[in-house]
Amino acid sequence: MITKPETKFDLEAIRNEFPILNQKVNGQDLVYFDNAATSQKPKKVIQAIQDYYQNINANIHRGVHKLSQLATDAYEASRKTLQEHLNARFAHEIIFTTGASQGVNLVARAWGGKFLKSGDIILVSGMEHHSNIVPWQIIAQEKGAEVLPIPILESGELDLEAFHELLKKNPVLVAVNHVSNALGTINPVKEIIKLSHEKGALVLVDGAQSLPHMKIDVQDLNADFYVVSGHKAYGPTGSGALYGKEDLLKEMNPYMGGGEMISEVKFSGSTWADLPHKFEAGTPHIEGGIVLGKAIDWMNEIGLEEISRHENELLIYAQSKLNELEGFRPIGQAKNKASVLSFLMEGVHPYDLGMILDQLGIAVRTGHHCAQPVMDSYKIPGTIRASFAVYNTKAEIDRFVQGVQQACEMLR
Amino acid sequence: MITKPETKFDLEAIRNEFPILNQKVNGQDLVYFDNAATSQKPKKVIQAIQDYYQNINANIHRGVHKLSQLATDAYEASRKTLQEHLNARFAHEIIFTTGASQGVNLVARAWGGKFLKSGDIILVSGMEHHSNIVPWQIIAQEKGAEVLPIPILESGELDLEAFHELLKKNPVLVAVNHVSNALGTINPVKEIIKLSHEKGALVLVDGAQSLPHMKIDVQDLNADFYVVSGHKAYGPTGSGALYGKEDLLKEMNPYMGGGEMISEVKFSGSTWADLPHKFEAGTPHIEGGIVLGKAIDWMNEIGLEEISRHENELLIYAQSKLNELEGFRPIGQAKNKASVLSFLMEGVHPYDLGMILDQLGIAVRTGHHCAQPVMDSYKIPGTIRASFAVYNTKAEIDRFVQGVQQACEMLR
Amino acid sequence: MESIQEIQEEIVDDFALFEDWMGKYNHLIDLGKDLPEIDDAYKTDDHLIKGCQSRVWLHADMKGEKIHFSADSDAIITKGIISLLIRPLNHRSPDEILNADMGFVDEIGLKEHLSPTRANGLVSMIKQMKTYALAFKAKSL
Amino acid sequence: MESIQEIQEEIVDDFALFEDWMGKYNHLIDLGKDLPEIDDAYKTDDHLIKGCQSRVWLHADMKGEKIHFSADSDAIITKGIISLLIRPLNHRSPDEILNADMGFVDEIGLKEHLSPTRANGLVSMIKQMKTYALAFKAKSL
Ligand SMILES: Cc1ncc(COP(=O)(O)O)c(C=O)c1O
Ligand SMILES: Cc1ncc(COP(=O)(O)O)c(C=O)c1O
């Protein structure tokens, strides 16, 4: 056991690490509340990118020369960081991807392409991001399998009773997110996995929204597949990872063909390399892979508990302030929530509100948040979503709430 | 017509733009001759990455807020840069990818997955990188199609007579690189495309090695698909592009499922977005996409003619110097060559030579260069490959040649 | 009747009166509120313009030689923008519409609406108006 | 017979005599040249170690309680490295081999060969030697 160093949560120091936050937008200080779309990057991450290109940039894995070795070592060290952070058993259970979407697509194609049969059933939660719906639809259609939604309750929580019923159909795989990007709901994935396993179904967990906010332990969860996205967790764009259990990954088809992923190539037939290389065709996003590890280090330096404590404070504060406004309607009120606040203001279209807030220098997201089925189940076209990161402040929330009020006055 | 500004080729100024070149490796000044694996990045590119993260980082395409607009505009401006650089008809014929490998995989899956039929024949040149072989093998196996190699001659050129014969089998697609990474051969792709089209075959050109070295005009070539890789052309890792003719791209299946690529998602079935978004699922590598455009701008500022003139000088100089060494055996002596020099030294294993050169601070690549079939056709296990970029010098070649000599003395 | 350009200049002048974005947006919201209602029969999926975050329905009729536009949106700012586009282009011939330069939106200082992102439907709206014009022109040939 | 560690220390001491990389590599090359030849019967694909840029064949026999290794490579530096590995581990019991700490390669200053990249087979070689040891141990249980 490593004893944690004493950390003191110093919000000002944290903010100072994000140069972009010092910016004026439309003449006003930027308030960035679009963190669920992508987070901003600390200096440490930006600097690590520069260091990579100025000191060790080279193609990895095959070079005998020094730079290639340094780059390879850094890349593999980052894989190890991810392994430890997610508590995977082996480093080769971590596959670098370009983001959560590619992770899901990889599994849908490489697992589904090999094992999915006509008539098979895949359960997909009704609060999934399109990235955890469409890949299953595509492969299911190819294979004659069926994708069934797990309904959600008015509270924004999964309907676990309905899920129990659906499990009786013996699905082969269940796809669910750990945290919903549209509602903020934290799903009981450990329980979902346990129930699914009892019925013989594998479970893929979409952790795009959990990585930035909470401790993840894939072994404790007993997840079969777990996908994360780097750019939402203070890391570079185009970075991400898939965790998969060794025995599952070993049995799967390769995903892409190319350099790195082969053992031998002949026109008469080729053979595949061992894990993790089998799934990493072509020159990877080396900078992204390496620096994703630095972003994780950065989060751990602050401490995930501190991060989620702070974000939770912001969420509660924002909710109580918005509650005072007339016509405020929160969308998604699960008991267990991450720092995502989706809502509507009566008589105001989300798009209009977003435009006015932008004029005030406040960045929120409006629309369906790539989760149309969620919007359909609430019978709304979309929401306004404010999502908080570790660098956000109560003062920013005050400005935001004031902005919402001002906008509503203009628009109503 | 834009008249080109007068440029003077200033090698020292160019070198000054690459901070990494000022480095000592194993106590010696670095000589970086592994450019075909990946190129180093000029300050302008590194700075553009930093600027992106410090000023406009945001998720693109869906945000109404300012940062999202700025990032989207920069991303789409880069697409336009690529369109102009490759002379595509439309910007939406440019699909951002993570590299050349993903480009080929995308076409193999999204075109082949829809149109390939049992018994169909795909011709793949015998000097392809694994990235332009394996994706075809995978989809061909799935569809019961067949991949046949176009043989190469001792000179390292494609056997065009054999190609003529193979065309009589009415292949549906021909896959060939513009420049071979293992041999340096510049293939007569315009002629290959013309002949293939006469037989009704589509042609995919792998331009991973041409983008950094020469002017590319996809309309003049009449290529159906053309893939490039950013990291080999002074751009960030994880960046690249696929060019495809509009009508072909429109007909193809989507490649990955996710955000961005949909028009509407319902559990009863989803519909796809227009080009180029149909093929860009999930949050793309925004930094990479934007900065790839900056890398192209940088190349154009120097001028592609100047770049290839300089590199060609280096190639000829290196060849003549190496020729003076005992036991020098060039691999690949096509009349038309880019700045890739593959060779063997009699009685010396490439790996040993590479190790000694590394001790001397000289980075070359040794091995099969992800082109095993090429090595098989020469019946050699691999080669030593020195590949030059615009920032390399004759003085570096002198050190390299001296290093080869010294290594041979030690090893023989 | 004033020319397309004259109306555009008028609009630009109107907006020039406002010193800050608030004034501009309030004016835009007022324009949105004043937009004549579209016939409910045209608020169908066929008339939806793709690529807008808010829903936009656009319909066009040929009355004599001239095209008549009607439109609606569920977002009020979007309605204001529609109104800006319809005012100069309404009751014009297909050729006039096809040749119209719509750069005036930029001059108003509403550039953020002009960016070709999919969140913003302005470009799609202009395109759709010109597509209608082209269709009517083709029919009349 | 000396212990594994004694031999390793000897090797480290040998290399310490050389002041620069040239000396070290020349020594490595000499070691490679002196490596006893492997029986041609073992230069088969079964005996190839994956993950080396040069080809490496490794064979192991059980002689009494002890394991006897023989190996070859087409690259001479690789052969030198093989020789470094075999010297301490040859004619040892499976347990001795399984417990051996091979960190001495680092001390020699050949760290570049230790990096777990696929270009470098050193890690694979050590792994393969230990795998042989494990297999023989399992058989003898
Ligand atoms: C000719 C050729 N094709 C394809 C590739 C693959 O490119 P990437 O690794 O960027 O996907 C390479 C790079 O090694 C190459 O040289
Ligand atoms: C819950 C969830 N899943 C998946 C994704 C897709 O992640 P990426 O865009 O990084 O591929 C997102 C991001 O929008 C998300 O919020």
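Checking the conditions here, which among A:L275, A:L315 is more than 16 Å from ligand 2 (Cβ to nearest atom), within 21 Å of A:K232 (Cβ to Cβ) and touching a residue at least 12 places away in the same chain (Cβ under 8 Å)?
On the way: A:L275 fails: within 21 Å of A:K232 (Cβ to Cβ).
That would be A:L315, the only listed residue that is more than 16 Å from ligand 2 (Cβ to nearest atom), within 21 Å of A:K232 (Cβ to Cβ) and touching a residue at least 12 places away in the same chain (Cβ under 8 Å).
Of all the residues that make up segment A:227-256, how many are free of Cβ contacts under 8 Å to residues at least 40 places away in the same chain and more than 8 Å from chain B (Cβ to nearest Cβ)? Even if it seems obvious, please write down each step before you answer.
Kept after step one, since they are free of Cβ contacts under 8 Å to residues at least 40 places away in the same chain, are these residues of segment A:227-256: A:247, A:250, A:256.
This time we only want the ones that are more than 8 Å from chain B (Cβ to nearest Cβ), so: A:247, A:250.
Total meeting the criteria: 2.
Would you confirm whether any residue within segment A:41-51 is touching a residue at least 12 places away in the same chain (Cβ under 8 Å) and part of a loop (DSSP other than H, G, I, E, B)? Even if it seems obvious, please write down each step before you answer.
Of segment A:41-51, the ones touching a residue at least 12 places away in the same chain (Cβ under 8 Å) are A:41-46, A:48-49.
Still in the list and also part of a loop (DSSP other than H, G, I, E, B): A:41-42.
Yes, segment A:41-51 has at least one match.
Would you kindly identify the strands (runs of 3 or more DSSP E) lying entirely within segment B:312-412 that contain at least 2 residues that are among the aliphatic types (A, V, I, L, M) and more than 27 Å from B:I14 (Cβ to Cβ)?
Values: elements: B:328-330, B:340-345, B:365-367, B:383-387.
Hits in segment B:312-412: B:340-345.
Counting only residues that are surrounded by fewer than 20 Cβ atoms within 10 Å (Cβ to Cβ) and within 26 Å of B:F115 (Cβ to Cβ), which one in segment B:173-192 is farthest from ligand 2 (Cβ to nearest atom)?
Only one residue tops the list, namely B:E191.
Filter segment D:40-61 down to residues that are crowded, with 21+ Cβ neighbours inside 10 Å, outside any loop (DSSP other than H, G, I, E, B) and either over 14 Å from the mean Cα position of the chain (by Cα) or of a type in the set (G, A, S) (or both), then give me how many there are.
Qualifying residue count for the region: 1.
Of all residues in segment A:193-226, which are more than 14 Å from every other protein chain (Cβ to nearest Cβ), within 15 Å of ligand 2 (Cβ to nearest atom) and farther than 16 Å from A:K245 by Cα?
The answer is A:S210, A:H213, A:M214.
Quick check: is even one residue across segment A:37-45 touching a Ser or Thr at 6+ places or on another chain (Cβ under 8 Å) and more than 16 Å from ligand 1 (Cβ to nearest atom)? Break it down into steps so the answer makes sense when it comes.
The initial filter retains those residues of segment A:37-45 that are touching a Ser or Thr at 6+ places or on another chain (Cβ under 8 Å), namely A:37-38.
Now drop any that are not more than 16 Å from ligand 1 (Cβ to nearest atom), which leaves A:37-38.
Yes, segment A:37-45 contains a residue that is touching a Ser or Thr at 6+ places or on another chain (Cβ under 8 Å) and more than 16 Å from ligand 1 (Cβ to nearest atom).
From the list A:S387, A:S308, which one is on the phi < 0 side of the Ramachandran plot and within 14 Å of chain B (Cβ to nearest Cβ)?
Numbers: A:S308 fails: within 14 Å of chain B (Cβ to nearest Cβ).
Selected residue: A:S387, the only one of A:S387, A:S308 that is on the phi < 0 side of the Ramachandran plot and within 14 Å of chain B (Cβ to nearest Cβ).
Considering only residues that are in contact with a strand residue (DSSP E or B) (Cβ under 9 Å, 6 or more places away or on another chain) and among the small types (G, A, S), which ones fall in segment B:192-228?
The answer is B:S196, B:A201, B:G207, B:A208, B:S210, B:A223.
Tell me, please, whether a residue that is under 19 Å from B:I316 (Cα atoms) and surrounded by fewer than 20 Cβ atoms within 10 Å (Cβ to Cβ) can be found in segment B:366-389. If you could, list the steps in order and put the result at the bottom.
Filtering segment B:366-389 for residues under 19 Å from B:I316 (Cα atoms) gives B:383-389.
Next, only the ones that are surrounded by fewer than 20 Cβ atoms within 10 Å (Cβ to Cβ) stay: none.
No, there is no match, as no residue in segment B:366-389 is under 19 Å from B:I316 (Cα atoms) and surrounded by fewer than 20 Cβ atoms within 10 Å (Cβ to Cβ).
Of all residues being in contact with a helix residue (DSSP H, G or I) (Cβ under 6 Å, 6 or more places away or on another chain) and not small (G, A, S) in segment B:332-353, which is surrounded by the fewest Cβ atoms within 10 Å (Cβ to Cβ)? Just the residue, please. It would help to see each step written out before you state the result.
Initial filter on segment B:332-353 (in contact with a helix residue (DSSP H, G or I) (Cβ under 6 Å, 6 or more places away or on another chain)): B:339, B:341, B:345, B:348, B:352-353.
Of the ones still in play, those that are also not small (G, A, S) are B:341, B:345, B:348, B:352-353.
Values: B:L341: 27, B:M345: 22, B:V348: 20, B:D352: 31, B:L353: 26.
Once the filter is applied, the top-ranked residue is B:V348.
Any residue at all in segment A:363-376 that is within 12 Å of another protein chain (Cβ to nearest Cβ), touching a residue at least 40 places away in the same chain (Cβ under 8 Å), farther than 24 Å from A:L211 by Cβ and more than 16 Å from ligand 1 (Cβ to nearest atom)?
In the first step, residues of segment A:363-376 are kept if they are within 12 Å of another protein chain (Cβ to nearest Cβ); the result is A:363-376.
Okay, now just the ones that are also touching a residue at least 40 places away in the same chain (Cβ under 8 Å), so A:363-365, A:368-375.
Applying the additional criterion that residues be farther than 24 Å from A:L211 by Cβ yields A:375.
So of that shortlist, the ones also more than 16 Å from ligand 1 (Cβ to nearest atom) come out as A:375.
Yes, the conditions are met somewhere in segment A:363-376.
Yes or no: segment A:229-246 includes at least one residue that is touching a strand residue (DSSP E or B) at 6+ places or on another chain (Cβ under 6 Å), small (G, A, S) and away from ligand 2 (no atom under 14 Å from the Cβ). Spell out how you get there, then give the answer.
From segment A:229-246, those touching a strand residue (DSSP E or B) at 6+ places or on another chain (Cβ under 6 Å) are A:229-230, A:240-244; that's our starting set.
Retained after the next criterion (residues that are small (G, A, S)): A:229-230, A:240-241, A:244.
Then keep just the ones that are away from ligand 2 (no atom under 14 Å from the Cβ); that gives A:244.
Yes, because at least one residue in segment A:229-246 is touching a strand residue (DSSP E or B) at 6+ places or on another chain (Cβ under 6 Å), small (G, A, S) and away from ligand 2 (no atom under 14 Å from the Cβ).
For every residue, the table says whether it meets (1) within 11 Å of chain A (Cβ to nearest Cβ); (2) surrounded by 24 or more Cβ atoms within 10 Å (Cβ to Cβ); (3) within 11 Å of ligand 1 (Cβ to nearest atom).
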residue	(1), (2), (3)
B:A108	yes, yes, no
B:K117	no, no, no
B:M127	no, yes, yes
B:I133	yes, yes, yes
B:I139	yes, no, no
B:L167	no, no, no
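In segment A:85-106, how many residues are aliphatic (A, V, I, L, M) and surrounded by fewer than 22 Cβ atoms within 10 Å (Cβ to Cβ)?
Step one: filter segment A:85-106 for residues aliphatic (A, V, I, L, M), giving A:86, A:88, A:91, A:94-95, A:100, A:104, A:106.
Then keep just the ones that are surrounded by fewer than 22 Cβ atoms within 10 Å (Cβ to Cβ); that gives A:91.
Counting residues in segment A:85-106 that are aliphatic (A, V, I, L, M) and surrounded by fewer than 22 Cβ atoms within 10 Å (Cβ to Cβ) gives 1.
So which residues in segment A:257-278 are among the polar types (S, T, N, Q) and more than 8 Å from chain B (Cβ to nearest Cβ), if there are any at all?
Here is the first cut: in segment A:257-278, the ones among the polar types (S, T, N, Q) are A:263, A:268, A:270-271.
Across segment A:257-278, the qualifying residues are A:S263, A:S268, A:T271.
So, C:Q5, is that one of a type outside the set (A, V, I, L, M, F, W, C) and assigned to a loop (DSSP other than H, G, I, E, B) or not?
Details: of a type outside the set (A, V, I, L, M, F, W, C): yes; assigned to a loop (DSSP other than H, G, I, E, B): no.
For C:Q5, the condition - of a type outside the set (A, V, I, L, M, F, W, C) and assigned to a loop (DSSP other than H, G, I, E, B) - is not met.
Being in a helix (DSSP H, G or I) and within 16 Å of ligand 2 (Cβ to nearest atom) is true for just one of B:G282, B:G259, B:G288, B:G293. Which residue is that? Talk me through it step by step, then tell me what you get.
On the way: B:G282 fails: in a helix (DSSP H, G or I); B:G259 fails: in a helix (DSSP H, G or I); B:G293 fails: within 16 Å of ligand 2 (Cβ to nearest atom).
Every option except B:G288 fails the conditions.
What is the residue count in segment A:351-362 for residues that are within 8 Å of another protein chain (Cβ to nearest Cβ) and closer than 11 Å to A:A407 by Cβ?
8
All of the numbers you see were taken from the coordinates with simple rules; none came from a lab. For clarity, every value in this text was computed on a predicted model and none was experimentally measured. Here Cβ is always computed from backbone atoms with ideal geometry, including for glycine, and neighbour counts include all displayed protein chains.
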